1. Every residue in segment 227-250 that is out of contact with any helix residue (DSSP H, G or I) (no Cβ under 9 Å at 6 or more places or on another chain), in a helix (DSSP H, G or I) and of a type outside the set (Phe, Trp, Tyr), please.
2. Name the residues in segment 177-217 that are part of a loop (DSSP other than H, G, I, E, B), out of contact with any helix residue (DSSP H, G or I) (no Cβ under 9 Å at 6 or more places or on another chain) and open to solvent by less than 40 Å² (accessible area, probe 1.4 Å), would you?
3. How many residues does segment 218-232 hold that are open to solvent by 70 Å² or more (accessible area, probe 1.4 Å), under 14 Å from HIS99 (Cα atoms) and either among the charged types (D, E, K, R) or in contact (Cβ under 8 Å) with a residue 24 or more places away in the chain (or both)?
4. Among the residues of segment 115-135 satisfying the criterion of being at pLDDT 90 or above and assigned to a helix (DSSP H, G or I), which is farthest from ARG277 (Cα to Cα)?
5. Residues of segment 40-78 being more than 25 Å from ASP142 (Cα to Cα) and in a helix (DSSP H, G or I), which ones?
6. Six or more apart or on different chains, Cβ atoms under 6 Å: show the pairs whose first residue is in segment 108-128 and farther than 21 Å from LEU299 by Cα and whose second is of a type in the set (Lys, Arg).
7. Can you give me the number of residues within segment 165-176 that are at pLDDT below 90 and open to solvent by less than 50 Å² (accessible area, probe 1.4 Å)?
8. Could you list, in sequence order, the residues of segment 137-156 that are open to solvent by 20 Å² or more (accessible area, probe 1.4 Å) and within 26 Å of LEU27 (Cα to Cα)?
Amino acid sequence: MNIQEIRAFVAAAETGSVNRAALRLNLTQPAATRRIQNFEAALGGIPLFDRSVKPAVLTAQGQHVLEYCRNVLVAVAQLEACATGVSSPQGDFRVGVAHGLGEMVLTSPIDALRRAFPRVRMQVSSNWSAGLIEDVKAGAIDCAVGLLTDAHAMPASLQRLSLGAERVVVVSASSRTSMRRDASPWRLRDLAEEGWFLNPRGCGCRAALERAFDRLNLPLQIAAEVFGEDLQLSLLAHGGGLGLVPYRQFDQSPHRARLRALDVSDFQLAATVTLIRNGVPGRFDPAIALLANELKVKLDDRAEA
């Protein structure tokens with residue numbers, strides 16, 4: 001067996017399919033399949049995958065072998081870092097960013113990365129946080145910056161680093177008071193007849209709001225599906241309705257004077273800006289560490305402002 005075969009097996013086990021493993025490893029599907037078959041043969045032909053089900057899943061022996069293989073890859077990565085000076089990585093560094101966090105990630109943190117690692121080429125893509133988790137797991141990107149809630153599940157093969165808390169708030173035009181006339185908080189029942197401007201399905205914050213309405217057996221009136229919180233805030237400021245956005249984005253909106261965050265007693269949504277990466281060390285570890293530090297500093301500065 002060799003390291004390439006071990007990497008192919010681990011990639012298939014972690015992504016759940018040979019096709020996604022091939023994508024992670026930049027191989028063709030037949031090439032990835034051959035490496036996995038060669039690895040199984042080198043272990044005496046023991047079945048590592050139960051191929052009687054679709055998609056194939058690890059056998060009990062496969063689970064056991066996977067843990068050993070992960071340890072091998074960690075050791076190899078550490079050896080490569082020692083031997084090649086990985087403190088100065090180079091190549092295409094693929095970063096995913098959650099919708100709504102682009103401005104935060106695409107300014108000073110990336111400027112710092114470019115100064116520190118001039119041989120790294122940034123490739124930045126955007127997706128919902130759930131999609132970013134899958135992209136990192138599949139190896140399609142090297143790391144991601146997501147906005148995670150309790151509903152987001154993190155695979156065991158990935159690591160998460162919390163960078164800062166983010167409160168998600170219900171927003172209305174400023175003509176509405178933040179609390180009801182009797183000084184009590186709003187409830188979702190009070191807002192059931194309102195039209196909401198929300199992101200399309202796939203947004204974790206929208207999904208949390210839908211679950212809250214469902215628990216109360218209330219209809220959620222969608223005025224429009226609008227991609228992007230900035231446009232939603234503009235529509236709310238000019239035409240009324242309700243929206244659901246990160247507080248930081250609401251507070252820094254150019255329409256802030258015409259908007260108001262509502263105190264809704266039965267809907268409190270906390271989220272965390274989180275860096276997501278593979279648990280196995282890699283050549284871009286120094287760049288990922290710098291990105292995490294720059295984002296944490298930026299979030300801390302904004303929290304104090």
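The values are calculated or read from the model by the stated rules, or taken from the named source; none is laboratory data. In this text the structure is predicted, and so the values were computed from the model without any measurement. Note: ideal-geometry Cβ built from the backbone for every residue, glycine included; neighbour counts use all protein chains shown. Please note that ligands, DNA and RNA were not included when accessible areas were found on the heavy atoms of the full protein model with its side chains. Shrake-Rupley method; radii C 1.70, N 1.55, O 1.52, S 1.80 Å.
1. The first filter runs over segment 227-250 and keeps only residues out of contact with any helix residue (DSSP H, G or I) (no Cβ under 9 Å at 6 or more places or on another chain), leaving 227-228, 231-232, 234-235, 239-240, 247.
Keeping just the survivors that are in a helix (DSSP H, G or I) gives 231-232, 234-235, 239, 247.
Those that are out of contact with any helix residue (DSSP H, G or I) (no Cβ under 9 Å at 6 or more places or on another chain), in a helix (DSSP H, G or I) and of a type outside the set (Phe, Trp, Tyr): LEU231, GLN232, SER234, LEU235, GLY239.
2. SER184, GLY195
3. We begin by selecting, within segment 218-232, every residue open to solvent by 70 Å² or more (accessible area, probe 1.4 Å); these are 221, 225, 227, 230-231.
With under 14 Å from HIS99 (Cα atoms) added as a condition, the list becomes 227, 230-231.
Subset that is either among the charged types (D, E, K, R) or in contact (Cβ under 8 Å) with a residue 24 or more places away in the chain (or both): 227, 230.
Final tally of qualifying residues: 2.
4. Per the criteria, the residue is ARG115.
5. Result: GLU40, ALA41, ALA42, ALA60, GLN61, GLY62, HIS64.
6. Going by the 6 Å Cβ cut-off, the qualifying pairs are GLN123/ARG94.
7. Residues of segment 165-176 that are at pLDDT below 90, as a first pass: 165-167, 174-176.
Keeping just the survivors that are open to solvent by less than 50 Å² (accessible area, probe 1.4 Å) gives 166, 174, 176.
Final tally of qualifying residues: 3.
8. Result: LYS137, ALA140, ASP142, MET154, PRO155, ALA156.
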